[in-house]
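Read the structure below first, then the notes.
Values quoted throughout were computed directly from the atomic coordinates according to the rules given, and no laboratory measurement underlies them. What you see is a predicted model, and the numbers here were worked out from it, not measured in a lab. Cβ atoms come from the backbone with ideal geometry, glycine included; neighbour counts cover every protein chain shown.
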Amino acid sequence: MAASGCFSVPEAINSAFNMQISLQSVSKRYGKVCALDNVTLTLEPGQIVSVLGANGAGKTTLLRCLSGVVVPTSGSITFDSKVFHRRETDLRRRLAFLPDFPLAFANNTVLRHIGMVLRLYGAAGARVEPRVMDLLRGFDLLPLVDTPFGRLSRGQAYKTALTALLAVDPELLLLDEPFASGMDPNGITFLKREARAAAARGRAIVYTTQILDIAEKLSDRVCIIHHGEVRHYAPLAEVQSLAAHPEQGSALEQIFQQLRGDGA
Amino acid sequence: MKLKSPEIERHLRRQARREMRHSPALWKEYRRHRVRWWRRTNWSITVFSWGYLALILMAGAYRSGQLTSVLVVLSLYATATALTRTGIHLTQGLVSGDRLVLFALPVSDEEYLERQTRKLYWSWAAALVIFMVGYGIDAGAAHSLRQNWVVVVATAALQAVTGVCLGGLIRLYAPRSADYRVQLSLWGLIVACWFLPAAGIRNLWSAVLLTPSGWISHGYAALVGRAAQQEILLFLPAILVAACWPFVLPRLRKQALTELQSQTLDGPIAKWVGHVSGTVQAERAADSFPGASAQSGRLFEAADWARTSWLERLVGAWLTNHEKLVAEFMLGGQLGSWSTRWRYAAFFTAGGLVLTFAPPSLPVWLPFMPLLIAAMSAAPILGGYWLGFHSPFPLMQSVPVYAAFPISFDEITSVMLKASALRTLAWSPLFIGYTAILGLRVSVPFEYGIEVGIKVILVVMAWQLLAVVGHFTWNHASTSKPMTWRYILTVICGLCVVGAFTASAITMFNAATSLFKAAAIAGMFVSSVTGWALYRWRFNRGRVDLVTIPQAR
C-alpha cells in the first residue's frame, strides 16, 4: 500500500514485504549482568513497535541482538524461519540499525555517506535519487550536502544517518532513541511522518524511547522491558487498558509507576 | 568492496545545487557549510609521512661525504615502518573506527578484511616511493643514477615486498615485537643519524645487518660497487623473506577472519562504542574520580594519598587539600603510575650502567639508549599524562573533561607544576649519576657529565610551564576563522617564546662564562613564564574556546 502524501518509492525496493521476525527465548548476558532474559516475541510487517523501559532495562540490547551487532547468549532470532547470524549479509541488507550515536567516517560528506550506505545496501541507482532529495529536503539537510560528517551537530549527524537508511527503505528499521538524538522539531515531525508511511508500505519499525507521549502516538505495538524481561508486548490499546486508572492521565506512565512500585 | 559512489554523489550534488540556486538563503547556507576536498584531507599525516622522505633527502645532502648514512637511514626506516604498519594493522585493522562504522552495516567480514588489506597495500605503495627516492638519492650522490636506476627500482621494490612480508610474519608469529617502544627506538635512531659521528654511522651500518632491510641495503651497496661483492649474497635471504608472502597471506587472512568473526559489540568493539558514546569515560570517571561509585559505598570519598606509592605520597604532601582534589580529578585514577615509572627508569638506568662498562668495541651510542628510555619513562618531559585534558567524545566535537567542571587554569597549573617538579627532582639523581658515568665512557671528565646532567634537568624544569600550555592547547582551538590578525599575532608570540626558550637552552650548553650561563638559564625560565602568562591572559579573558571541531580524519 502506498503512503498518501509521501514521495514515490523506487520499485526495486518497493516490493511487498511480509517478513516475519521472531525471537525465541533470547537471552543476553554481559558478564554477570543479564541484559535480556528469555525474550520471545514476533515482529509483524507494517507495524511500528516502541520499546520502552527504564535505563539499563535492555532496550538497546534487544535492538543490537536484532541487528546482529551482538550475539545472544542463548536462544535464536529467525527471519522468515531462517536463523539469523551476523555473517548473513543478504539478510542484513533487509534491515537497518541506527544506534543512538550515529557512526560514520568523519571526513565523509553527507552525500558521500548517503552514497556509501546506498551502495552497501545495493540500493544505489538513478531511481533512488528523487527519494534521497525528498529526504534531504524534509530533514533540512540540503545546505549541508558537502559538509563532512565530523562537522555536523549531533542532530544533523543523526538526520544524515537516518536519511541514508530511509532512502534504502529496509524491511526492518531499528532506531535507538531517535527522539533523544538531538533532532530539531521539524526533523522529529518528518521522522514520524516517514515512519507512518514506511509502516504503510509494509516495513516494520522498532524504536526505543523514554518519551511516553511519543510512544502513545507513534506505536502500533508497545514492548515494555523491565530488568531484561519483556513484561508487555501487545497492541498499544491493549497495553493502555492495563493501567489501573486509565482516566487519570497517561496510561503508559501509570504502567511504569506500577513496574517501579513492584520493585522487581 | 567499494564504499564510494561517485556517480550517485555527483548526480545528487548537481540536483541539490540546482535546487538551492533558486533560493538565495539556501545557497548562502550551503556555501557557509560546504568544505572543499582539500580542507577535508588530513594533511598532517601526509606532511608527517613525507617529512620522513625529506629527512632522508636531507640526511643524504647533509652527509654527502658519507653515503652509507642514507642507506643506514633507509634500512632503519624500512624496519621501523614495517613494525609501525604492522602495529597499525594489528590495532586498527581489526578494531577501529572503520570497523565500528561498518559493523552495523551489511558488510561481511571478508569484505571488511579485503578493504583493510587494500589499505595496507596502499600504505606500502607510499613507502615504495620513499624507498625509490632514498636509493635514488644515494645513487645520484654517487653520480651513478643513470647506470643504476634499474638496481634502484628493483631494490626499492624488494624492500617494500620484504617489508609487507616481514610485517605479516611479525603479525603471525611475533606480534609483541611490534611493540611501540621498539618502534619508537627505531624512529629515534633515524633522527639520531643526523647527530652520530662517522664511527657511529659505521657501527649502525653493521647493526642493520640484524634486519632484512639491512640485508637489502648491503646487497644494494655491493651491487653499485660500494661494498664487497660477497654482500650481494645478502639479497638471497631477503628474497626468501619476500617469497614467503604467498604462504603468509592465506594464514594472515585466516587468523584475521577468525578474530573478526568472533567480534561482537560486547568484545573489543564495545570499547570503541564506549569511547564514541562516552560511556567508557563515564565508567572510568565513576571508578576513579573522587566521587566514586555508589555500589562500592565510597560515594564522595577522596582517594587516600597516604596509601599510594612513595612519589605520589611526596606530591600529595606538597599539595593542599583542594589541590589534591584537583589532582585526583585531572589524573582520573592514575595515582600510582609515577612511582612505577620511576622504578622502570631506575631499572633502565641500571641496565645502561652495565652497558657503559661494556667493551669499547660496542657502538658508542648503545649506552645512550637506556638513558633515553629512562627519561621518557620517569621525567615529565611533556608535562605528564593528565586524563582531565582528554575528551570523552573523540570522534565528534570534543570538549576536555575539565572544561565542564569548576576548575581554574591556575589550579590546574599549580597541581601540574608541583607534580612535575617533584617527578623531575626524583628522576634527577638517576639521570645526573648516569650522565656522569657516561661521560667517562665517552672520555670526558666526570664533572662535565654531571654538568650536562644538571643542565638537562634545568631545561626540563624550565620547560614545564610551556608543557602546561601545551596541555591546555591540545584539545582547544579557535573555532572562529583562523586567519585573523589576533590569531596570527598569537602564533607569532608562541613562536617567539619557543624560539627564545630554545635559544636560551642552546646558549646555556655553549656559553663559556658563568655569567652567560646564568643569563641563559634565566632566559629559559623567563621565556617559559612569559609564554604561560600570555596564554593564561588569553585563557582567563575567554579568548580560547574549550572545544575542538575536528577536521576530517
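Which order results if B:His22, B:His218, A:His113 are arranged by neighbouring Cβ count within 10 Å, fewest first?
Numbers: B:His22 8, B:His218 27, A:His113 24.
Neighbour counts put them in this order, fewest first: B:His22, A:His113, B:His218.
If R₀ is 25 angstrom, what is the calculated FRET efficiency for the pair A:Ser241 and A:Asp213, using the beta carbon separation as r and rounding to 0.05?
Values: r = 18 Å, r/R0 = 0.73.
Here the calculated transfer efficiency is 0.85.
How many nm is it between the label spots at B:Trp38 and B:Val153, if each spot is 7 Å from the Cα in line with the beta carbon?
Going from the B:Trp38 label point to the B:Val153 one covers 3.1 nm.
Can you give the three extents of the C-alpha atoms in segment A:212-264 along their principal axes, from longest to shortest, in whole Å?
Over segment A:212-264, Cα extents along the principal axes are 27, 22, 17 Å.
Exposed loop trypsin sites (Lys or Arg not before Pro) only (DSSP loop, at most 13 other Cβ atoms within 10 Å): please give the longest stretch of chain A free of them, not including the sites. Write down the numbers at each step before the final one.
On the way: sites that count: A:Lys32, A:Arg87.
Counting at most 13 other Cβ atoms within 10 Å as exposed, the longest clean stretch of chain A is A:88-264.
Which of B:Val133, B:Val35 has the fewest other C-beta atoms within 10 Å, and how do the rest follow up to the most? Write down the numbers at each step before the final one.
Details: B:Val133 20, B:Val35 16.
Going from sparsest to densest Cβ surroundings: B:Val35, B:Val133.
Could you state the per residue volume, in Å³, of the convex hull enclosing the Cα atoms of segment A:35-145? Don't jump to the answer; show the numbers that get you there.
On the way: hull volume 17.5 nm³, N = 111.
For segment A:35-145, the hull spanned by Cα atoms encloses 157 Å³ per residue.
Along the Cα→Cβ direction, 7 angstrom out, place labels at B:Phe525 and B:Glu7. What is the inter-label distance in nm?
Result: 7.1 nm between the two label points.
Could you compute the FRET efficiency for B:Ser309 and B:Ser408, with r as their C-beta to C-beta distance and R0 at 35 Å, rounded to 0.05?
Details: r = 28 Å, r/R0 = 0.81.
Taking R0 as 35 Å, the efficiency between B:Ser309 and B:Ser408 is 0.80.
What residues have an amide H closer than 5 Å to that of A:Ser27, excluding those fewer than 5 places away on the same chain, when H is modeled at 1.01 Å from N in the peptide plane?
Residues meeting the amide H criterion: A:Asn38, A:Val39, A:Thr73, A:Ser74, A:Gly75.
Can you tally the net charge around A:Arg154? Count Lys and Arg as +1, Asp and Glu as -1, for every other residue whose Cβ sits under 14 Å from the Cβ of A:Arg154. Each step should come with its number before you reach the end.
Numbers: positive: A:Arg151, A:Lys159; negative: A:Asp100, A:Asp176, A:Glu177, A:Asp184.
Within the 14 Å Cβ shell, the charges total -2.
Average partner chain C-beta neighbours within 10 Å, per residue of B:15-22? Can you show the working numbers first?
Details: counts 7, 12, 3, 0, 4, 3, 0, 0.
That average works out to 4.
Within a 10 angstrom radius of the beta carbon, how do A:Leu175, B:Leu252 rank from fewest other beta carbons to most? Don't skip to the answer; put the middle values down first.
On the way: A:Leu175 25, B:Leu252 20.
Listing A:Leu175, B:Leu252 from fewest to most nearby Cβ atoms yields B:Leu252, A:Leu175.
May I ask you to list the chymotrypsin sites (Phe, Trp or Tyr not before Pro) in segment B:313-355 that are in a DSSP loop and have at most 12 other Cβ atoms within 10 Å of their Cβ?
On the way: sites: B:Trp318, B:Phe329, B:Trp338, B:Trp342, B:Tyr344, B:Phe347, B:Phe348; in loops: none.
Those that pass, being in a loop and sparsely packed, number zero.
Would you mind pulling out the separation of the Cα centroids of segment B:153-207 and segment B:106-143, in Å?
Between the Cα centre of segment B:153-207 and that of segment B:106-143, the gap is 16 Å.
Using Cα atoms only, what is the angle between the long axis of helix A:154-168 and the major principal axis of chain A, expressed in degrees (0 to 90) to the nearest 10?
80 degrees
Mind checking B:508-520 for the average number of partner chain beta-carbons within 10 Å of each residue's beta-carbon? Mind dumping the intermediate values first?
Working: counts 0, 0, 0, 0, 0, 0, 0, 0, 0, 0, 0, 0, 0.
Partner Cβ neighbours, averaged per residue: 0.
So what is the orientation-averaged projected area of chain A, using the convex hull of its C-alpha atoms, in nm²?
14.3 nm²
Straight-line reach from B:Lys28: which aspartates and glutamates have a Cα under 18 Å away, not including same-chain ones fewer than 8 places off?
Straight-distance partners of B:Lys28: A:Asp140, A:Asp146, B:Glu19.
Taking each residue in B:31-40, count the Cβ atoms of any other chain within 10 Å of its Cβ, then average. What number comes out?
5
Plugging the Kirkwood radius over Cα pairs into Stokes-Einstein for segment A:148-240, at a temperature of 20 °C and a viscosity of 1.002 mPa s, what D comes out in µm²/s?
Values: Rh = 14.3 Å.
Reported coefficient: 150 µm²/s.
Along Cα→Cβ, 7 Å out, is where each label goes; now give me the distance between the ones at B:Ser185 and B:Leu249 in nm to one decimal.
In this crude spin-label approximation the distance works out to 3.3 nm.
Using a Förster radius of 41 Å, what is the FRET efficiency between B:Ala511 and B:Ser177 based on their Cβ-Cβ separation? Nearest 0.05, please. Numbers along the way, then the final one.
Values: r = 44 Å, r/R0 = 1.07.
Taking R0 as 41 Å, the efficiency between B:Ala511 and B:Ser177 is 0.40.
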